[in-house]
Amino acid sequence: QVQLVEYGGGSVQAGGSLSLSCVAPARSNFGRYVVAWFRQAPGKEREFVATITRSGADTLYADFVKGRFTVSRVNEMNTVRMNMDSLNPEDTAVYYCAAGDDWGARTPEEYLSWGQGAQVTVDS
């Protein structure tokens, strides 16, 4: 497992942008992990948002964020970043990054390591 910490998030008006970073400690061999973003709104289950391969060459997105969210990574910096544009109130949630072994995994149970979460609030 690897320790993960999320940074960023906050509050924004509908149509605005925010970014999140997921950072692992140095010497954590971060590049061996597939990394994903999930989110959980109040009263709802945790849902898949996006994932990125170990190298960063490929990404997958949930349909509801395609064209609006972009995930990238810099393994030398032990960092995965998610830029979120055209935010709407339905995007309000706690966002979590997670690390695992299986590319394409979309359920929380498939990920071994989790960050503490970062709040994203979008006002209408």
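The values are calculated or read from the model by the stated rules, or taken from the named source; none is laboratory data. Not measured: the values here are computed from a predicted model. Cβ atoms come from the backbone with ideal geometry, glycine included; neighbour counts cover every protein chain shown. Side chains are part of the model used for accessible areas, which takes the heavy atoms of the whole protein and leaves out ligands, DNA and RNA. Shrake-Rupley method; radii C 1.70, N 1.55, O 1.52, S 1.80 Å.
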Being in contact with a Lys or Arg (Cβ under 6 Å, 6 or more places away or on another chain), of a type in the set (Val, Ile, Thr) and modelled with pLDDT of 95 or more, is that true of even one residue in segment 95-108?
no
Quick test for you: out of Ser55, Ser11, pick the one residue that is at pLDDT 95 or above, part of a loop (DSSP other than H, G, I, E, B) and either over 17 Å from Ala99 (Cβ atoms) or open to solvent by 20 Å² or more (accessible area, probe 1.4 Å) (or both).
Ser55
Name the single residue that is most open to solvent (accessible area, probe 1.4 Å) among those in segment 59-90 being part of a strand (DSSP E or B) and in contact (Cβ under 8 Å) with a residue 40 or more places away in the chain.
Arg81
Checking the conditions here, which among Ala105, Ala26 is touching a residue at least 40 places away in the same chain (Cβ under 8 Å), part of a loop (DSSP other than H, G, I, E, B) and open to solvent by less than 20 Å² (accessible area, probe 1.4 Å)?
Ala105
Out of all the residues in segment 46-105, which are of a type outside the set (A, V, I, L, M, F, W, C), within 18 Å of Gln3 (Cβ to Cβ) and in contact with a Ser or Thr (Cβ under 7 Å, 6 or more places away or on another chain)?
Arg73, Asn78, Thr79, Arg81
